[in-house]
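K.L.:
Here you go, one structure.
The values are calculated or read from the model by the stated rules, or taken from the named source; none is laboratory data. Just so you know, these numbers come straight off a predicted model, no measurement behind them. All Cβ positions, even for glycine, are placed from backbone atoms using ideal geometry, and neighbour counts span all protein chains on display.
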There are 2 protein chains.
Amino acid sequence: MTETTSSQILRDLIEIVGAGHVATGPDAAPWSQEWTGQTQWTPLAVVRPADTQQVSEIVKLANRTGTAIVPVSGNTGLVQGTVAQDVIMLSLDRMSAIRELRADARIAIVEAGAILSRIHDAAEQEGLIFPLFFGARGSAMIGGALSTNAGGSNVVRYGSARHLCLGIEAVLPTGEIVDLMSELHKDNSGYDLRDLLIGAEGTLGIITAAVLKLHPKPLAYATAMVAVPSLNDGLALLNRLQRETGGAVEAFEFMPGIFIEAYLERYPEARAPFDTPHDVNILVEVGALSPRDATPGPDGKVPVAAHLEEVLEGLFEEGKLLDAVVAQSDTQRQEMWARREASASVARLRPNVVDNDIAVPLDKMQALVEGVTARALEIDPGLRPICVAHLGDGNLHFAGWPSTEDPGLQKAVKEAVDAEAIRLGGSISAEHGIGLAKRPSMARYKDPVALMAMRAIKQALDPKGIMNPGKVLPAGDQSVPPST
Amino acid sequence: MTETTSSQILRDLIEIVGAGHVATGPDAAPWSQEWTGQTQWTPLAVVRPADTQQVSEIVKLANRTGTAIVPVSGNTGLVQGTVAQDVIMLSLDRMSAIRELRADARIAIVEAGAILSRIHDAAEQEGLIFPLFFGARGSAMIGGALSTNAGGSNVVRYGSARHLCLGIEAVLPTGEIVDLMSELHKDNSGYDLRDLLIGAEGTLGIITAAVLKLHPKPLAYATAMVAVPSLNDGLALLNRLQRETGGAVEAFEFMPGIFIEAYLERYPEARAPFDTPHDVNILVEVGALSPRDATPGPDGKVPVAAHLEEVLEGLFEEGKLLDAVVAQSDTQRQEMWARREASASVARLRPNVVDNDIAVPLDKMQALVEGVTARALEIDPGLRPICVAHLGDGNLHFAGWPSTEDPGLQKAVKEAVDAEAIRLGGSISAEHGIGLAKRPSMARYKDPVALMAMRAIKQALDPKGIMNPGKVLPAGDQSVPPST
């Protein structure tokens with residue numbers, strides 16, 4: 001892009017949103033790197049529209065001038081999905097309204113820049129939940145969560161972001177606004193554009209608003225830390241608990257002994273889950289949705305907790321558990337969750353963490369953990385693995401501290417981990433998306449006909465290749481406009 | 001198409017599948033009309049491939065010669081989605097295998113021609129269910145159910161067809177096979193092609209196989225017929241029951257008094273649900289997933305049934321119910337379901353039934369029923385409405401017997417019903433799809449930007465317009481190849 005064109009584009013952007021809402025140079029710093037600090041870039045400008053109409057005008061301008069545009073909301077991504085060197089970044093942070101929350105219809109209508117924890121709070125006030133919970137919820141925004149089809153700790157019961165969304169509004173690469181703001185539970189009128197835009201990481205358009213599905217807040221929780229001999233025993237425990245509770249398991253999270261050790265290094269004041277360390281530690285949470293399961297009985301015990309204790313005691317007597325602790329207070333429950341939610345900060349205790357986000361069928365989890373660990377250690381025998389997993393979803397976050405600064409070796413570890421997931425019928429991205437970071441594995445492992453169809457769709461909706469170019473689809477398919 | 005070309009295509013089809021599997025003339029009769037008999041056509045030929053490879057070869061042939069191709073499975077559709085005048089019909093009925101059923105992983109891997117009730121039976125043998133239940137399940141096949149994103153009576157708990165599917169295999173309009181047979185609960189590797197093909201009614205490709213999600217079979221059911229003063233009271237009842245049972249409502253079906261009357265005319269030997277007729281009759285079913293809710297207590301009562309009785313008694317004392325009967329045996333439960341499942345045969349007691357399949361937000365159902373009834377009667381004061389509804393999903397099947405043979409008047413009734421659904425924020429197709437029948441309403445009411453995006457996707461994946469041409473998207477967008 002010539003300098004004249006750039007300054008003309010800046011003037012046009014200011015015309016659309018006002019001078020106070022276009023940041024360049026040092027003012028653009030907050031949008032110039034991933035939150036992990038691992039990747040930096042210099043955007044041409046960061047533009048912060050106030051509403052969907054302004055988003056539409058900005059995208060029309062980008063389309064007319066062939067300027068690439070990268071949407072960003074909370075900037076909590078993990079796959080270099082918002083890298084934006086020399087191009088326009090469009091930040092949705094000013095579009096943060098919760099427009100409407102109708103408790104009877106169990107929906108919330110929100111703008112893309114609404115922060116997850118604000119949506120959580122608004123729902124809670126009505127005795128409802130929006131069950132998309134993960135560590136970054138205090139800064140992650142719903143637009144990015146939908147664009148990456150984010151998951152988190154409650155997918156086992158409520159599904160991923162796409163399952164929590166009834167409708168969206170989006171600005172397509174032409175700048176036109178598509179209204180799919182359905183509040184319906186059934187709507188078979190044409191192709192499922194909603195699910196196409198969800199998970200497309202901003203490459204097919206910018207999600208600007210959404211109709212979210214809310215769920216009743218469990219009336220009580222029963223939370224426990226359980227140690228079992230192996231991950232296969234963990235799967236048996238999950239199936240048993242689902243059967244006993246009628247599918248009421250809200251979370252089923254795996255923390256290996258090696259993670260607990262790293263956690264205690266990072267937070268020396270914290271407590272270990274058990275007096276004796278175990279290899280396979282699982283955080284179990286069961287939710288009571290009916291008053292019958294949540295109302296304390298004559299003995300003062302809440303039925304859902306009493307029942308969980310009873311099931312765990314039975315399993316312990318059968319020799320299927322090594323240890324178990326049921327939280328006796330909300331403080332104890334918070335302590336259990338604090339360990340799991342510290343995973344990102346623990347992993348980043350050292351700057352050059354190698355991490356992956358892989359999924360396999362549930363019955364392959366033990367093979368996966370064993371396989372990836374072995375393959376990673378073959379490549380870097382000094383690597384220290386610190387993985388955690390959403391065990392109930394078959395989703396492993398394999399992370400490790402390499403023993404070397406050699407980026408080639410680190411790359412080799414990541415690739416070996418992806419290869420092992422694929423070998424077990426899995427995916428190279430469970431819940432983080434592809435961005436730039438996982439394109440090599442996309443190229444290597446995704447069905448080539450699927451890639452061809454994705455490219456055809458991208459070309460059809462974004463013929464100029466201006467929307468978040470270079471992301472998701474492996475190279476050779478998108479025209480990144482020249483930028484000098 | 002010239003006669004020479006047609007006979008060459010027939011020879012090529014026979015080459016692919018064998019002479020015994022290409023039907024023409026009278027042999028094609030079973031595929032030459034909708035099951036309702038309302039629409040007839042004469043296909044060029046019906047070809048019945050044995051496997052995905054043959055489907056691929058047939059579609060490649062169609063692509064090469066520019067011949068249109070219409071996929072069909074159980075032929076139980078309701079929107080003229082398989083009309084195939086002078087073109088190839090591809091029937092999936094020979095591809096009916098249930099390839100694999102893994103109870104621990106709760107999945108079934110099936111071919112597109114597997115009949116729903118066979119999948120139901122296979123799942124039940126493992127104590128599981130595939131909860132896609134509707135009247136035509138004895139002949140409907142999974143390929144068609146996915147292609148139309150079918151719904152049915154249990155969507156309130158388990159979702160529609162797309163929510164019951166983890167992965168698909170499909171043949172794209174180029175003839176290439178796309179492998180999306182994921183068994184994963186989380187997979188964010190690129191665009192959601194699965195959900196794009198599901199519900200596309202065969203216009204973007206042919207679904208040939210699927211990985212289906214199975215659910216635990218409820219250990220006991222409690223089923224009741226309830227009469228309430230109004231549909232708004234019905235919604236309050238649903239919310240109350242969901243709260244009391246922790247979301248265990250499996251079905252919540254509305255049958256107005258006018259439907260019960262028509263039912264008793266059609267089946268004179270059948271019984272009415274109540275001694276006194278009521279306007280708003282609801283079939284409620286609650287499922288017990290946990291042993292605690294399903295194991296008879298000291299009094300011999302199954303807790304889930306005792307609990308439903310208790311809740312209904314409380315509501316009756318509060319004056320919120322007019323009447324209620326809880327099924328005391330499986331025979332009584334079957335009798336309750338028989339009424340609801342007779343709706344299609346009742347509606348077709350007279351040949352020229354006018355029917356719609358509309359959805360609105362749950363809190364608009366009463367307004368919808370009142371509105372559509374009033375508008376239909378304005379146009380045809382002699383019309384006799386016989387509607388039923390999946391009340392728990394906000395989905396009304398408005399049907400009526402017109403007092404006139406005038407097709408213009410019948411069309412006007414249908415259009416007025418769609419208009420009323422749209423006015424209340426609803427959809428013109430809840431679970432049947434668009435086909436040919438609903439294209440006028442698609443053209444009129446669907447967001448024009450959404451239509452534009454759908455056309456771009458259709459053009460990108462099927463540039464020759466050979467896949468089920470003319471369906472779903474309103475005219476002017478697809479090149480139907482000339483057929484003489």
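K.L.:
For region A:145-152, check the following and say yes or no: at least one residue is on the phi > 0 side of the Ramachandran plot and either surrounded by fewer than 20 Cβ atoms within 10 Å (Cβ to Cβ) or polar (S, T, N, Q) (or both).
P.N.:
Yes: region A:145-152 contains one or more residues that are on the phi > 0 side of the Ramachandran plot and either surrounded by fewer than 20 Cβ atoms within 10 Å (Cβ to Cβ) or polar (S, T, N, Q) (or both).
K.L.:
Out of A:GLY25, A:GLY81, A:GLY113, A:GLY77, I need the residue that is free of Cβ contacts under 8 Å to residues at least 24 places away in the same chain, in contact with a Ser or Thr (Cβ under 9 Å, 6 or more places away or on another chain) and closer than 30 Å to A:PRO351 by Cβ. Which one?
P.N.:
A:GLY25
K.L.:
Sort through B:LEU238, B:LEU193 and tell me the only one that's in contact with a Phe, Trp or Tyr (Cβ under 6 Å, 6 or more places away or on another chain) and either farther than 23 Å from B:ALA145 by Cα or surrounded by 23 or more Cβ atoms within 10 Å (Cβ to Cβ) (or both).
P.N.:
Testing whether each residue is in contact with a Phe, Trp or Tyr (Cβ under 6 Å, 6 or more places away or on another chain) and either farther than 23 Å from B:ALA145 by Cα or surrounded by 23 or more Cβ atoms within 10 Å (Cβ to Cβ) (or both) leaves just B:LEU238.
K.L.:
Tally the residues that are within 26 Å of A:ALA29 (Cβ to Cβ), in contact with a helix residue (DSSP H, G or I) (Cβ under 8 Å, 6 or more places away or on another chain) and surrounded by fewer than 21 Cβ atoms within 10 Å (Cβ to Cβ), restricting the search to region A:83-105.
P.N.:
The qualifying residues number 2.
K.L.:
Using the structure shown, decide if A:LEU13 is in contact (Cβ under 8 Å) with a residue 60 or more places away in the chain and touching a His at 6+ places or on another chain (Cβ under 7 Å).
P.N.:
No, not satisfied.
K.L.:
Are any residues in region B:368-396 away from chain A (no Cβ under 14 Å) and among the acidic types (Asp, Glu), and if so, which ones? Break it down stepwise before answering.
P.N.:
Of the residues in region B:368-396, the ones away from chain A (no Cβ under 14 Å) are B:369-388.
Correct list: B:GLU370, B:GLU378, B:ASP380.
K.L.:
Select, from A:LEU219, A:LEU214, A:LEU237, the only residue that is among the aliphatic types (A, V, I, L, M) and within 12 Å of another protein chain (Cβ to nearest Cβ).
P.N.:
A:LEU219
K.L.:
All but one of (1) within 14 Å of chain B (Cβ to nearest Cβ); (2) more than 23 Å from B:THR245 (Cβ to Cβ) hold for A:PHE254; which doesn't?
P.N.:
Answer for A:PHE254: the failing condition is (1).
K.L.:
If you don't mind, there's one more thing I want to ask. Any residue in region B:344-361 that is on the phi < 0 side of the Ramachandran plot sitting within a Cβ distance under 7 Å of a residue that is in a loop (DSSP other than H, G, I, E, B) and modelled with pLDDT under 85? List the pairs, counting only those 6 or more apart or interchain.
P.N.:
Cβ pairs passing all conditions: B:ARG348/B:THR36.
K.L.:
Could you tell me whether B:TYR267 is of a type in the set (Phe, Trp, Tyr), surrounded by fewer than 19 Cβ atoms within 10 Å (Cβ to Cβ), in contact (Cβ under 8 Å) with a residue 40 or more places away in the chain and farther than 30 Å from A:GLU244 by Cβ?
P.N.:
yes
K.L.:
Please state which one of A:PRO402, A:PRO474 is surrounded by 17 or more Cβ atoms within 10 Å (Cβ to Cβ) and more than 11 Å from every other protein chain (Cβ to nearest Cβ).
P.N.:
The unique qualifying residue is A:PRO402.
K.L.:
State whether the residues of region B:409-422 include one that is under 27 Å from B:GLY143 (Cα atoms), within 11 Å of another protein chain (Cβ to nearest Cβ) and not acidic (Asp, Glu).
P.N.:
no
K.L.:
Here's a follow-up. Scan region B:442-451 and give yes if some residue there is of a type in the set (A, V, I, L, M), more than 24 Å from B:ASN281 (Cα to Cα), part of a helix (DSSP H, G or I) and in contact with a Ser or Thr (Cβ under 8 Å, 6 or more places away or on another chain), otherwise no.
P.N.:
yes
K.L.:
Need at least 2 residues that are at pLDDT 95 or above, aliphatic (A, V, I, L, M) and over 27 Å from A:ARG240 (Cα atoms) per element, so show me which strands (runs of 3 or more DSSP E) inside region B:79-186 make the cut, counting only ones lying wholly within it. Quick ask: steps written out before the conclusion?
P.N.:
Values: elements: B:88-91, B:98-102, B:107-111, B:165-171, B:177-180.
Qualifying strands (runs of 3 or more DSSP E): B:88-91, B:165-171, B:177-180.
K.L.:
I would also like to ask the following. Take region A:435-454 and flag every residue that is over 26 Å from A:VAL388 (Cα atoms) and under 24 Å from the mean Cα position of the chain (by Cα).
P.N.:
Taking region A:435-454 as the starting set, the residues that turn out to be over 26 Å from A:VAL388 (Cα atoms) are A:443, A:447-454.
Correct list: A:ALA443, A:ASP447, A:ALA450, A:LEU451, A:MET454.
K.L.:
Right, something else. So B:ARG340 ticks every box in (1) closer than 20 Å to B:PRO229 by Cα; (2) among the basic types (Lys, Arg); (3) within 14 Å of chain A (Cβ to nearest Cβ) but one. Which box is left unticked?
P.N.:
So B:ARG340 meets the others, but not (3).
K.L.:
Collect the residues in region A:77-112 that are of a type outside the set (A, V, I, L, M, F, W, C), within 17 Å of A:GLU201 (Cβ to Cβ) and touching a Gly at 6+ places or on another chain (Cβ under 7 Å), keeping them in residue-number order.
P.N.:
A:GLY77, A:GLN80, A:GLY81 - these are the residues of region A:77-112 that are of a type outside the set (A, V, I, L, M, F, W, C), within 17 Å of A:GLU201 (Cβ to Cβ) and touching a Gly at 6+ places or on another chain (Cβ under 7 Å).
K.L.:
So in region A:368-377, with the set limited to residues that are farther than 12 Å from A:GLN410 by Cα and more than 21 Å from the chain's Cα centre (by Cα), which one is surrounded by the most Cβ atoms within 10 Å (Cβ to Cβ)?
P.N.:
Among them, the one singled out is A:VAL372.
K.L.:
Looking at A:PRO361 and the list (1) modelled with pLDDT of 95 or more; (2) farther than 16 Å from A:TRP401 by Cα, which single condition is not satisfied?
P.N.:
(1)
K.L.:
Kindly provide the set of residues from region A:157-210 that are among the β-branched types (Val, Ile, Thr), at the interface with chain B (Cβ under 9 Å from one of its Cβ atoms) and more than 18 Å from the chain's Cα centre (by Cα), ordered by number. Write out each step before concluding.
P.N.:
First, the residues of region A:157-210 that are among the β-branched types (Val, Ile, Thr): A:168, A:171, A:174, A:177-178, A:198, A:203, A:206-208.
This time we only want the ones that are at the interface with chain B (Cβ under 9 Å from one of its Cβ atoms), so: A:174, A:177-178, A:198, A:203.
Correct list: A:THR174, A:ILE177, A:VAL178.
K.L.:
What number of residues within region B:159-172 are in contact (Cβ under 8 Å) with a residue 60 or more places away in the chain and of a type outside the set (Val, Ile, Thr)?
P.N.:
Here the count works out to 3.
K.L.:
From the set of residues in region B:404-434 that are part of a helix (DSSP H, G or I) and among the aliphatic types (A, V, I, L, M), which is farthest from the chain's Cα centre (by Cα)?
P.N.:
Top of the filtered list is B:LEU409.
K.L.:
Out of A:GLU318, A:GLU285, I need the residue that is surrounded by fewer than 23 Cβ atoms within 10 Å (Cβ to Cβ) and of a type in the set (Asp, Glu). Which one?
P.N.:
Among A:GLU318, A:GLU285, only A:GLU318 is surrounded by fewer than 23 Cβ atoms within 10 Å (Cβ to Cβ) and of a type in the set (Asp, Glu).
K.L.:
While we're on this one: A:SER182 fails exactly one of the following numbered conditions: (1) more than 26 Å from B:HIS163 (Cα to Cα); (2) small (Gly, Ala, Ser); (3) without any contact (Cβ under 8 Å) to a residue 40 or more places away in the chain. What is the number of that condition?
P.N.:
A:SER182 satisfies all of (1) more than 26 Å from B:HIS163 (Cα to Cα); (2) small (Gly, Ala, Ser); (3) without any contact (Cβ under 8 Å) to a residue 40 or more places away in the chain except (1).
K.L.:
Still on this structure, I have one more. Which count do you get for residues in region B:442-471 that are within 17 Å of B:ALA68 (Cβ to Cβ) and within 7 Å of chain A (Cβ to nearest Cβ)?
P.N.:
2
K.L.:
Still on this structure, please answer the following. Residues to consider are B:ALA270, B:ALA294, B:ALA227; find the one that is among the hydrophobic types (A, V, I, L, M, F, W, C), within 14 Å of another protein chain (Cβ to nearest Cβ) and out of contact with any Ser or Thr (no Cβ under 7 Å at 6 or more places or on another chain).
P.N.:
On the way: B:ALA270 fails: within 14 Å of another protein chain (Cβ to nearest Cβ); B:ALA227 fails: within 14 Å of another protein chain (Cβ to nearest Cβ).
Only one candidate qualifies: B:ALA294.
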